[in-house]
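Novice: I have a structure here, written as structure tokens, and I will follow up with some questions on it.
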Amino acid sequence: MPTAPKTASARRARARRHTLVATLIAAGLVVAAGATAAVLAFALPHDPTPAGKGTTFLVSADTAAAQQAAAQPAGTAEHDAASYLAAQPTAVWLTPERDPIGAVGDRIRALADEARAQDATLALVVYGLPERDCGNHSAGGLNDADYDTWTSEIAAALAAADDLRRIVVLEPDSIALADECGNLEARALQLREVVAKLQLPGVWVYLDGGHSSWHSVTDMAAYLQYVGLEGVRGVALNVSNYNSTVDEALYAYDLDAAVGGGLHAIIDTSRNGAGSDGQWCNPPGRLIGEPAGSIGDDVVDTNLWIKVPGESDGTCNGGPAAGQWWPASAIELTREAVR
């Protein structure tokens, strides 16, 4: 595996890391799980990027949280938690189970209309690879031929929304899991083909970058370089996980240095307000994190709620099937936001 090159980019990344840590220490704060949005806004000064600090993301009315809020009696904990989450800018997941061939384009067109009405950036997660999640909690996906058709429909619908800024988080876990699944070569080919379709003005594609406590920087950089970074904006970090934003920002800086510079990142802060306890599947005691668009610098474009808070990680720690709405989780995650 290649080591991080000792280039000017590497030196700049180290300098940024040292500045960030020094800033937090000077402010009397410890770099740890649960760092606040105010701290990070100070620690990660904004430098204009395609989607940076202050970006307004879509709040769609077509979400599980909105449906749950409408279904629950007003004044109940279930209603209050769902209502709060329904009002937060969150990425929209496209799956073949929810948005099959022949329907996914219509879904994107409806979301694009919502984004126009809100003057917002449209953030989508594409999640339908063959043998998705290696048969684990989020097993499913399409066969190769149908995946090609499905992603072509997605690309066509995005092309038609060329008046909007569009972000695509492409296949979470696809690269970080590939070594364990033994399918990096197949994944690389599949991802390259989709990236080629999404080479559209105003569309910014982020590959799966895992997170800071999964793969080493050296290994993840090697995986990304094998897949290929041409035509992508960068990586999505911490998707569906709980690591602190500071830890993920530092990981992004080191990944940028390891690939020789030019790599950008977007960080999932949907459920990392209390940091990680080392578990990834429905850990108890977690909190929602910084709202989307709270941070941004020259490597970390911004943060976004990518995993939908209130939806289960899988049948673990008392949760329902992956992706199913779990009222108890929604209530717990928002316990400090909803009084």
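The values are calculated or read from the model by the stated rules, or taken from the named source; none is laboratory data. It should be emphasised that the depicted structure is a prediction, and the values quoted were computed from it without experimental measurement. Cβ: placed from backbone, ideal geometry, glycine included. Neighbour counts: every protein chain shown.
Novice: Quickly run through the stretch 157-180 and pick out the residues that are of a type in the set (A, V, I, L, M, F, W, C), part of a helix (DSSP H, G or I) and closer than 15 Å to residue 208 by Cα.
Specialist: Result: 178, single match.
Novice: Considering every residue within the stretch 228-249, establish whether at least one is in contact with an Asp or Glu (Cβ under 7 Å, 6 or more places away or on another chain), among the charged types (D, E, K, R), under 19 Å from residue 170 (Cα atoms) and free of Cβ contacts under 8 Å to residues at least 40 places away in the same chain.
Specialist: Among the residues of the stretch 228-249, not one is in contact with an Asp or Glu (Cβ under 7 Å, 6 or more places away or on another chain), among the charged types (D, E, K, R), under 19 Å from residue 170 (Cα atoms) and free of Cβ contacts under 8 Å to residues at least 40 places away in the same chain, which makes the answer no.
Novice: Does the stretch 188-215 hold any residues that are more than 23 Å from residue 251 (Cα to Cα) and either outside any helix (DSSP H, G or I) or touching a helix residue (DSSP H, G or I) at 6+ places or on another chain (Cβ under 6 Å) (or both), and which are they?
Specialist: Those that are more than 23 Å from residue 251 (Cα to Cα) and either outside any helix (DSSP H, G or I) or touching a helix residue (DSSP H, G or I) at 6+ places or on another chain (Cβ under 6 Å) (or both): 194, 197, 198, 199, 200, 201, 202, 203.
Novice: Suppose we filter the stretch 46-100 for residues that are in a loop (DSSP other than H, G, I, E, B), within 29 Å of residue 301 (Cα to Cα) and among the aliphatic types (A, V, I, L, M); how many remain?
Specialist: 6
Novice: Checking residue 104 against (1) in contact with a Phe, Trp or Tyr (Cβ under 7 Å, 6 or more places away or on another chain); (2) of a type outside the set (Ser, Thr, Tyr); (3) at pLDDT below 95, only one condition comes out false. Which one?
Specialist: (3)
Novice: Hey, among 142, 85, 129, 94, which residue is closer than 30 Å to residue 160 by Cα and out of contact with any Gly (no Cβ under 6 Å at 6 or more places or on another chain)?
Specialist: Only one candidate qualifies: 94.
Novice: Give just the number: which of (1) out of contact with any Phe, Trp or Tyr (no Cβ under 7 Å at 6 or more places or on another chain); (2) surrounded by fewer than 23 Cβ atoms within 10 Å (Cβ to Cβ); (3) in a loop (DSSP other than H, G, I, E, B) does residue 319 not satisfy?
Specialist: Every listed condition holds for residue 319 apart from (1).
Novice: Also, I was wondering about something else. Considering 249, 221, 236, which residue is outside any helix (DSSP H, G or I) and buried (at least 24 other Cβ atoms within 10 Å of the Cβ)?
Specialist: Sole residue among the options that is outside any helix (DSSP H, G or I) and buried (at least 24 other Cβ atoms within 10 Å of the Cβ): 236.
Novice: Keeping to the stretch 105-149, report how many residues are closer than 15 Å to residue 194 by Cα, part of a helix (DSSP H, G or I) and not aromatic (Phe, Trp, Tyr).
Specialist: Qualifying residue count, the stretch 105-149: 5.
Novice: Which one is surrounded by the fewest Cβ atoms within 10 Å (Cβ to Cβ), of the residues in the stretch 68-94 that are over 20 Å from the mean Cα position of the chain (by Cα) and aliphatic (A, V, I, L, M)?
Specialist: Filtering the stretch 68-94 for residues that are over 20 Å from the mean Cα position of the chain (by Cα) and aliphatic (A, V, I, L, M), the one surrounded by the fewest Cβ atoms within 10 Å (Cβ to Cβ) comes out as 74.
Novice: Just to verify a result, which residue in the stretch 294-316, among those that are among the hydroxyl-bearing types (Ser, Thr, Tyr) and buried (at least 17 other Cβ atoms within 10 Å of the Cβ), is farthest from residue 255 (Cα to Cα)?
Specialist: 312
Novice: Okay, moving on. Going by the structure shown, is residue 238 out of contact with any helix residue (DSSP H, G or I) (no Cβ under 6 Å at 6 or more places or on another chain), at pLDDT 95 or above and over 19 Å from residue 129 (Cβ atoms)?
Specialist: It is false that residue 238 is out of contact with any helix residue (DSSP H, G or I) (no Cβ under 6 Å at 6 or more places or on another chain), at pLDDT 95 or above and over 19 Å from residue 129 (Cβ atoms).
Novice: Now, a different point. So is residue 158 more than 21 Å from the chain's Cα centre (by Cα) and surrounded by 21 or more Cβ atoms within 10 Å (Cβ to Cβ) or not?
Specialist: Considered against the rule, which asks whether it is more than 21 Å from the chain's Cα centre (by Cα) and surrounded by 21 or more Cβ atoms within 10 Å (Cβ to Cβ), residue 158 comes out as no.
Novice: On to the next question. So which of 180, 153, 171 ends up being surrounded by fewer than 15 Cβ atoms within 10 Å (Cβ to Cβ) and under 25 Å from residue 97 (Cβ atoms)?
Specialist: 180
Novice: Got a sec? Which of 231, 262, 285 is more than 15 Å from the chain's Cα centre (by Cα) and over 24 Å from residue 166 (Cβ atoms)?
Specialist: 285
Novice: I would also like to ask the following. Select from the stretch 97-126 the residues that are among the small types (Gly, Ala, Ser) and in contact (Cβ under 8 Å) with a residue 40 or more places away in the chain and write down the one among them that is nearest to residue 162 (Cα to Cα).
Specialist: Going through the qualifying residues, I end up with 112.
Novice: With the structure loaded, tell me whether residue 292 is more than 24 Å from residue 123 (Cα to Cα), part of a loop (DSSP other than H, G, I, E, B), modelled with pLDDT of 95 or more and of a type in the set (A, V, I, L, M) or whether it fails that test.
Specialist: no
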